[in-house]
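Notes for the one structure printed next.
The values are calculated or read from the model by the stated rules, or taken from the named source; none is laboratory data. On a predicted model such as this, the values are computed, not experimentally measured, just so you know. Neighbour counts are summed over all protein chains in view; Cβ atoms, including those assigned to glycine, are modelled from backbone coordinates with ideal geometry.
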Amino acid sequence: MKKKDNALTENEVFEKTSFGIKNPLRGVYEECRFLHCDLAHSDLSGIMFRNCTFENCDLSLVKLRHTGFQEVRFETCKLLGLQFCDCRPLLLEFEFEGCLLKLSVFQRLVVRNTRFTGCDLQEADFTAADLTGSVFTNCDLTRATFERTNLEKADFRSAFNYSINPETNRIRKARFSLAGIAGLLDAYDIEIE
């Protein structure tokens, strides 16, 4: 039986399931867990996830047009090239732990107090995003883009390989380690020894 686009699925566990054209996700998912699932290249447009957890899932290159993530946790997931900026902005809230987020785009999103723990955020794009109070614990930010980004009260103390220009980003009360201070001076093309 085909699931309706507005059907509610509650408290279900999906384990080692492949989703795609033949087995699409539809509707609203509340308090669900997705374990070792393959969602790569799926179209999640218009789907709502509330209080859901994705663990060891592959969501690379999924379409997120008007997708809702409310209190969603991603653990050890592969999230390559996701356009989070296409998500529904209302009540958007997620956190990431041990995730591969290379080339993901968070442009213009208001995602305050977001937690990134042990994530690979290489070449992620945070242009014009509001990351006030967000925490980047042990995250690799090689070639990540921060331009006109609100990073007030953000915590970069254990993040590494970032380059953040204090003149083009808001960094008031943000926290950095002494070892990472060089990432704030890259724009000045100076040598620190």
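A quick yes/no check of all residues on (1) outside the structural domain of SER45 (by TED's automatic domain parsing); (2) aliphatic (A, V, I, L, M); (3) over 22 Å from THR137 (Cα atoms):
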{"residue": "SER60", "(1), (2), (3)": "no, no, yes"}
{"residue": "THR67", "(1), (2), (3)": "no, no, yes"}
{"residue": "VAL105", "(1), (2), (3)": "yes, yes, no"}
{"residue": "LEU109", "(1), (2), (3)": "yes, yes, no"}
{"residue": "ASN113", "(1), (2), (3)": "yes, no, no"}
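Mind telling me which of the residues LYS16, LYS102 ends up being under 22 Å from LEU151 (Cα atoms), basic (Lys, Arg) and either surrounded by 15 or more Cβ atoms within 10 Å (Cβ to Cβ) or modelled with pLDDT of 95 or more (or both)? Explain how you work it out, then say what you get.
Details: LYS16 fails: under 22 Å from LEU151 (Cα atoms).
One residue alone meets the criteria, LYS102.
Is it the case that the stretch 63-76 has a residue that's of a type outside the set (Lys, Arg), surrounded by fewer than 17 Cβ atoms within 10 Å (Cβ to Cβ) and over 14 Å from the mean Cα position of the chain (by Cα)?
yes
Considering the stretch 34-50 alone, what residues qualify as being surrounded by 16 or more Cβ atoms within 10 Å (Cβ to Cβ) and closer than 25 Å to PRO89 by Cβ? Working first, answer last.
As a first pass, look at the stretch 34-50 and keep what is surrounded by 16 or more Cβ atoms within 10 Å (Cβ to Cβ): 34, 37-40, 42-44, 46-50.
PHE34, LEU39, ALA40, SER42, ASP43, LEU44, GLY46, ILE47, MET48, PHE49, ARG50, listed by residue number.
For the list (1) free of Cβ contacts under 8 Å to residues at least 12 places away in the same chain; (2) surrounded by 20 or more Cβ atoms within 10 Å (Cβ to Cβ); (3) among the hydrophobic types (A, V, I, L, M, F, W, C), I need the number of the one condition that CYS119 fails.
Every listed condition holds for CYS119 apart from (1).
Quick grid of which residues meet (1) on the phi > 0 side of the Ramachandran plot; (2) basic (Lys, Arg):
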{"site": "LYS63", "(1), (2)": "no, yes"}
{"site": "LEU101", "(1), (2)": "no, no"}
{"site": "PHE106", "(1), (2)": "no, no"}
{"site": "ASN113", "(1), (2)": "yes, no"}
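(1) over 19 Å from GLU55 (Cβ atoms); (2) in contact with an Asp or Glu (Cβ under 8 Å, 6 or more places away or on another chain); (3) among the acidic types (Asp, Glu): which one isn't true of GLU97, the others all being true?
Unmet for GLU97, out of (1) over 19 Å from GLU55 (Cβ atoms); (2) in contact with an Asp or Glu (Cβ under 8 Å, 6 or more places away or on another chain); (3) among the acidic types (Asp, Glu): (1).
Can SER134 be described as in contact with a Gly (Cβ under 8 Å, 6 or more places away or on another chain), within 24 Å of ASN56 (Cα to Cα) and crowded, with 20+ Cβ neighbours inside 10 Å? Steps first, please.
On the way: in contact with a Gly (Cβ under 8 Å, 6 or more places away or on another chain): no; within 24 Å of ASN56 (Cα to Cα): yes; crowded, with 20+ Cβ neighbours inside 10 Å: yes.
No, not satisfied.
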